[in-house]
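The values are calculated or read from the model by the stated rules, or taken from the named source; none is laboratory data. Remember, predicted model here, so these are calculated numbers, not experimental data. Ideal geometry is used to build each Cβ from the backbone, glycine not excepted, and the neighbour counts take in all protein chains shown. These area figures cover heavy atoms from the full protein model, side chains too; ligands, DNA and RNA do not enter into them. Shrake-Rupley method; radii C 1.70, N 1.55, O 1.52, S 1.80 Å.
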Amino acid sequence: ERQGMQFRTAPSGGALYPMEIYLVASNITGLANGLYHFHPADSSLELVRAGDLADEVHEASFEQGSVGSSPVTLIMTARWERSTRKYADRGYRYTYIETGAICQNVYLKAATLGLGTVAVGAFNDELVNKLVGIDGESEAAILMMPVGAPKQTR
(Lines give C-alpha, C1' and ligand atoms only; values in the text may rest on other atoms or scores of the structure.)
Protein backbone atom coordinates (compact mmCIF):
# COMPACT_ATOMS: atom_id res chain seq x y z
CA GLU A 1 0.00 0.00 0.00
CA ARG A 2 1.32 3.43 -0.94
CA GLN A 3 -0.43 6.77 -0.43
CA GLY A 4 -3.67 5.00 0.42
CA MET A 5 -3.61 2.89 -2.77
CA GLN A 6 -3.48 -0.89 -2.57
CA PHE A 7 -1.38 -2.52 -5.24
CA ARG A 8 -1.62 -6.05 -6.57
CA THR A 9 0.59 -8.50 -8.40
CA ALA A 10 -0.94 -7.79 -11.81
CA PRO A 11 -0.92 -4.41 -13.57
CA SER A 12 -4.20 -2.55 -13.85
CA GLY A 13 -4.90 0.51 -15.98
CA GLY A 14 -5.11 3.45 -13.58
CA ALA A 15 -4.94 0.98 -10.64
CA LEU A 16 -8.73 0.65 -10.97
CA TYR A 17 -8.76 -3.17 -10.62
CA PRO A 18 -11.91 -4.14 -12.51
CA MET A 19 -11.17 -7.86 -12.10
CA GLU A 20 -12.78 -10.06 -9.46
CA ILE A 21 -11.75 -13.64 -8.72
CA TYR A 22 -14.09 -16.37 -7.56
CA LEU A 23 -13.06 -19.89 -6.61
CA VAL A 24 -15.10 -23.07 -6.85
CA ALA A 25 -13.72 -25.49 -4.25
CA SER A 26 -14.32 -29.23 -4.48
CA ASN A 27 -13.01 -31.75 -1.97
CA ILE A 28 -10.24 -29.65 -0.43
CA THR A 29 -9.18 -30.61 3.08
CA GLY A 30 -10.04 -27.77 5.47
CA LEU A 31 -12.20 -25.85 3.00
CA ALA A 32 -15.92 -26.50 2.54
CA ASN A 33 -17.17 -27.17 -0.97
CA GLY A 34 -18.65 -24.09 -2.55
CA LEU A 35 -18.15 -20.81 -4.33
CA TYR A 36 -15.81 -18.27 -2.72
CA HIS A 37 -14.96 -14.66 -3.51
CA PHE A 38 -11.27 -13.76 -3.21
CA HIS A 39 -10.41 -10.55 -1.36
CA PRO A 40 -6.94 -9.40 -2.51
CA ALA A 41 -6.46 -6.85 0.29
CA ASP A 42 -5.94 -9.62 2.85
CA SER A 43 -5.86 -12.72 0.60
CA SER A 44 -9.01 -14.06 2.24
CA LEU A 45 -11.86 -16.11 0.84
CA GLU A 46 -15.51 -15.29 1.53
CA LEU A 47 -18.01 -18.11 1.12
CA VAL A 48 -20.65 -16.94 -1.36
CA ARG A 49 -22.50 -20.19 -1.92
CA ALA A 50 -22.05 -23.48 -0.09
CA GLY A 51 -22.37 -26.88 -1.71
CA ASP A 52 -20.87 -29.20 -4.29
CA LEU A 53 -20.76 -27.15 -7.50
CA ALA A 54 -18.49 -29.48 -9.50
CA ASP A 55 -21.25 -30.65 -11.85
CA GLU A 56 -22.56 -27.11 -12.32
CA VAL A 57 -19.15 -25.66 -13.22
CA HIS A 58 -18.45 -28.65 -15.49
CA GLU A 59 -21.72 -28.12 -17.36
CA ALA A 60 -21.07 -24.38 -17.64
CA SER A 61 -17.71 -25.11 -19.32
CA PHE A 62 -19.40 -27.06 -22.12
CA GLU A 63 -18.38 -30.19 -20.17
CA GLN A 64 -14.65 -29.75 -20.68
CA GLY A 65 -12.81 -32.56 -18.90
CA SER A 66 -10.53 -30.42 -16.75
CA VAL A 67 -13.31 -28.20 -15.40
CA GLY A 68 -15.25 -29.65 -12.50
CA SER A 69 -12.82 -32.51 -11.93
CA SER A 70 -10.15 -30.31 -10.34
CA PRO A 71 -10.21 -29.31 -6.67
CA VAL A 72 -10.18 -25.62 -7.65
CA THR A 73 -11.70 -23.72 -10.53
CA LEU A 74 -10.95 -20.02 -10.64
CA ILE A 75 -13.51 -17.80 -12.32
CA MET A 76 -12.35 -14.31 -13.28
CA THR A 77 -14.98 -11.66 -13.79
CA ALA A 78 -14.86 -8.03 -14.82
CA ARG A 79 -16.70 -5.12 -13.29
CA TRP A 80 -16.51 -3.01 -16.43
CA GLU A 81 -17.52 0.33 -14.96
CA ARG A 82 -14.43 0.48 -12.76
CA SER A 83 -12.32 0.89 -15.87
CA THR A 84 -14.73 2.37 -18.43
CA ARG A 85 -15.73 5.31 -16.23
CA LYS A 86 -12.19 6.66 -16.67
CA TYR A 87 -11.12 5.20 -20.00
CA ALA A 88 -14.43 4.83 -21.89
CA ASP A 89 -14.28 2.01 -24.46
CA ARG A 90 -10.51 1.64 -24.03
CA GLY A 91 -11.30 0.43 -20.49
CA TYR A 92 -12.47 -2.87 -21.98
CA ARG A 93 -9.03 -3.36 -23.55
CA TYR A 94 -7.29 -2.59 -20.26
CA THR A 95 -9.54 -5.06 -18.47
CA TYR A 96 -8.62 -7.84 -20.89
CA ILE A 97 -4.92 -7.00 -20.50
CA GLU A 98 -5.32 -7.27 -16.72
CA THR A 99 -7.07 -10.63 -17.14
CA GLY A 100 -4.11 -11.91 -19.14
CA ALA A 101 -1.64 -10.76 -16.48
CA ILE A 102 -3.63 -12.48 -13.72
CA CYS A 103 -3.91 -15.62 -15.85
CA GLN A 104 -0.14 -15.69 -16.33
CA ASN A 105 0.38 -15.29 -12.58
CA VAL A 106 -1.88 -18.30 -11.98
CA TYR A 107 0.14 -20.35 -14.51
CA LEU A 108 3.40 -19.35 -12.82
CA LYS A 109 2.20 -20.11 -9.29
CA ALA A 110 0.68 -23.43 -10.36
CA ALA A 111 3.99 -24.43 -11.98
CA THR A 112 5.97 -23.57 -8.84
CA LEU A 113 3.60 -25.77 -6.81
CA GLY A 114 3.75 -28.66 -9.29
CA LEU A 115 0.11 -28.16 -10.24
CA GLY A 116 -1.57 -27.98 -13.60
CA THR A 117 -3.92 -25.34 -14.96
CA VAL A 118 -5.34 -24.16 -18.25
CA ALA A 119 -7.07 -20.99 -19.39
CA VAL A 120 -10.64 -21.79 -20.42
CA GLY A 121 -12.41 -19.15 -22.45
CA ALA A 122 -15.01 -21.45 -24.00
CA PHE A 123 -17.94 -21.58 -21.60
CA ASN A 124 -21.63 -20.82 -21.45
CA ASP A 125 -21.68 -17.20 -20.29
CA GLU A 126 -25.20 -17.37 -18.92
CA LEU A 127 -24.49 -20.49 -16.83
CA VAL A 128 -21.17 -19.18 -15.45
CA ASN A 129 -22.66 -15.79 -14.59
CA LYS A 130 -25.58 -17.54 -12.88
CA LEU A 131 -23.23 -19.83 -10.95
CA VAL A 132 -21.29 -16.80 -9.67
CA GLY A 133 -24.45 -14.76 -9.07
CA ILE A 134 -23.69 -11.85 -11.38
CA ASP A 135 -25.79 -10.18 -14.06
CA GLY A 136 -23.47 -10.65 -17.07
CA GLU A 137 -23.66 -6.96 -17.93
CA SER A 138 -22.25 -4.77 -15.16
CA GLU A 139 -20.13 -7.75 -14.10
CA ALA A 140 -19.39 -10.65 -16.43
CA ALA A 141 -17.30 -13.82 -16.46
CA ILE A 142 -14.16 -13.54 -18.61
CA LEU A 143 -12.06 -16.64 -17.93
CA MET A 144 -12.05 -19.91 -16.01
CA MET A 145 -8.95 -21.77 -14.80
CA PRO A 146 -9.17 -25.23 -13.24
CA VAL A 147 -6.20 -25.90 -10.95
CA GLY A 148 -5.09 -29.27 -9.63
CA ALA A 149 -2.69 -32.16 -9.90
CA PRO A 150 -1.81 -32.66 -13.56
CA LYS A 151 -2.63 -35.94 -15.24
CA GLN A 152 0.32 -38.29 -15.31
CA THR A 153 1.68 -38.83 -18.80
CA ARG A 154 3.96 -41.59 -19.98
Two-site label geometry, ALA32 and LEU113: point separation in nm, points 7 Å out along Cα→Cβ: 2.1 nm
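With a 10 Å radius around each residue's Cβ, average the other Cβ atoms per peptide and rank 73-80, 94-101, highest first. Walk me through the intermediate numbers first.
Details: 73-80: 21.9, 94-101: 18.5.
By packing density, highest mean first, the sequence is 73-80, 94-101.
Students sometimes get this wrong: rank VAL128, VAL72 by accessible area, probe 1.4 Å, all chains present, largest first. Please list the in-between numbers first.
Details: VAL128 0, VAL72 30 Å².
Accessible-area ranking of VAL128, VAL72, largest first: VAL72, VAL128.
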Carbon plus sulfur fraction of accessible area for the chain, probe 1.4 Å, in percent: 51 percent
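If packing is taken as the mean number of other Cβ atoms within 10 Å per residue, what is the order of 29-36, 41-48, highest first? Kindly include the intermediate steps, with their values, before the conclusion.
Numbers: 29-36: 14.0, 41-48: 10.5.
My ranking of the peptides, most packed first, is 29-36, 41-48.
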Equivalent ellipsoid, region 13-73 (semi-axes from 5 times Cα gyration tensor eigenvalues, Å): 23, 16, 9
Percent of Cα pairs exceeding the 14 Å cut-off, where the set is region 112-154: 57 percent
Mean separation of Cα contacts under 8 Å (6+ apart) over length of the chain, as relative contact order %: 26 percent
ALA122 versus GLU59: modelled label distance in nm, points set 7 Å from Cα along the beta carbon direction: 2.0 nm
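Checking a compactness column here: for the chain, what do you get for Rg(Cα) / (2.2 N^0.38 Å), N being the number of residues?
Values: Rg = 15.5 Å, N = 154, 2.2 N^0.38 = 14.9 Å.
Here the Cα radius of gyration is 1.04 times the empirical estimate.
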Heavy-atom surface of the chain, accessible at 1.4 Å and reported per residue (Å²): 58 Å²
